[in-house]
Amino acid sequence: MTDHVDRVLAQWQDQRPDLDVSPMAVLGRLSRLSLLVGAELRKTFAAHDLDAASFDVLATLRRSAPPHRLTPTELTRSAMVTSGAITQRLDRLEERGLVTRSPDDRDGRGVQVTLTEAGRELVDAALPDHVSTEHRLLEPLSATQRQRLAATLRILLESLGDTD
């Protein structure tokens, strides 16, 4: 069985046999996988009137210790969004009553973002569907294959500086 990446690799082999395009076998598949997985996750989030970034902010607040409160900087570090995007996300989430912003108790100049009850209920409703979608997407892999893939991807991420 061949996939799109196999066809691309064969084309490059025909056109540029002098180049080692073997990294495309991994990175091309990761890129395509990201697009396909992203589309599936978007469907799940849309069923809860969320997008991926909004879900990520709500989930980051939810998995933090009660009272589920973080500064925007802490959110940016813990969530999968950029610092430039966090203000827009927070504006939209606050407008929907899913988070509140208040002065930081530790630093009057700072802000604390707190998950509201409505935000907690929404993320608690969306999370099981999200996890179910992830299970479905990984269903073709055995538990051992999943563990090996996760470990291999961790090595690659760490090599690129993505450490906690």
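A few remarks follow.
- Against the conditions (1) at pLDDT 95 or above; (2) open to solvent by less than 50 Å² (accessible area, probe 1.4 Å); (3) under 19 Å from Ala125 (Cα atoms), Ser54 satisfies every one except (1).
- Residues (among the hydroxyl-bearing types (Ser, Thr, Tyr) and in a loop (DSSP other than H, G, I, E, B)) located in the stretch 111-164: Thr116, Ser142, Thr163
- Scanning the stretch 149-160 for residues that are more than 15 Å from the chain's Cα centre (by Cα) and surrounded by 11 or more Cβ atoms within 10 Å (Cβ to Cβ) yields Leu149, Thr152, Leu156, Glu158.
- The set of residues from the stretch 7-51 being charged (D, E, K, R) and open to solvent by 50 Å² or more (accessible area, probe 1.4 Å) comprises Arg7, Asp14, Arg16, Asp18, Asp20, Arg29, Arg32, Arg42, Lys43, Asp49, Asp51.
- Which numbered condition Ala65 misses (of (1) part of a loop (DSSP other than H, G, I, E, B); (2) hydrophobic (A, V, I, L, M, F, W, C); (3) surrounded by 11 or more Cβ atoms within 10 Å (Cβ to Cβ)): (3)
- Selected residue (only one of Thr100, Thr163 is closer than 22 Å to Thr76 by Cα, open to solvent by 90 Å² or more (accessible area, probe 1.4 Å) and β-branched (Val, Ile, Thr)): Thr163
- Ala85 at pLDDT below 95, touching a Phe, Trp or Tyr at 6+ places or on another chain (Cβ under 7 Å) and either more than 17 Å from Leu127 (Cβ to Cβ) or open to solvent by 40 Å² or more (accessible area, probe 1.4 Å) (or both): no
The values are calculated or read from the model by the stated rules, or taken from the named source; none is laboratory data. This one's a predicted model, so the numbers in the text were calculated from it and none came from an experiment. As a convention, Cβ positions derive from the backbone with ideal geometry for all residues, glycine included, and neighbour counts pool all protein chains shown. Ligands, DNA and RNA are stripped out before the accessible areas are found, and what is left, the full protein with its side chains, is counted by its heavy atoms. Shrake-Rupley method; radii C 1.70, N 1.55, O 1.52, S 1.80 Å.
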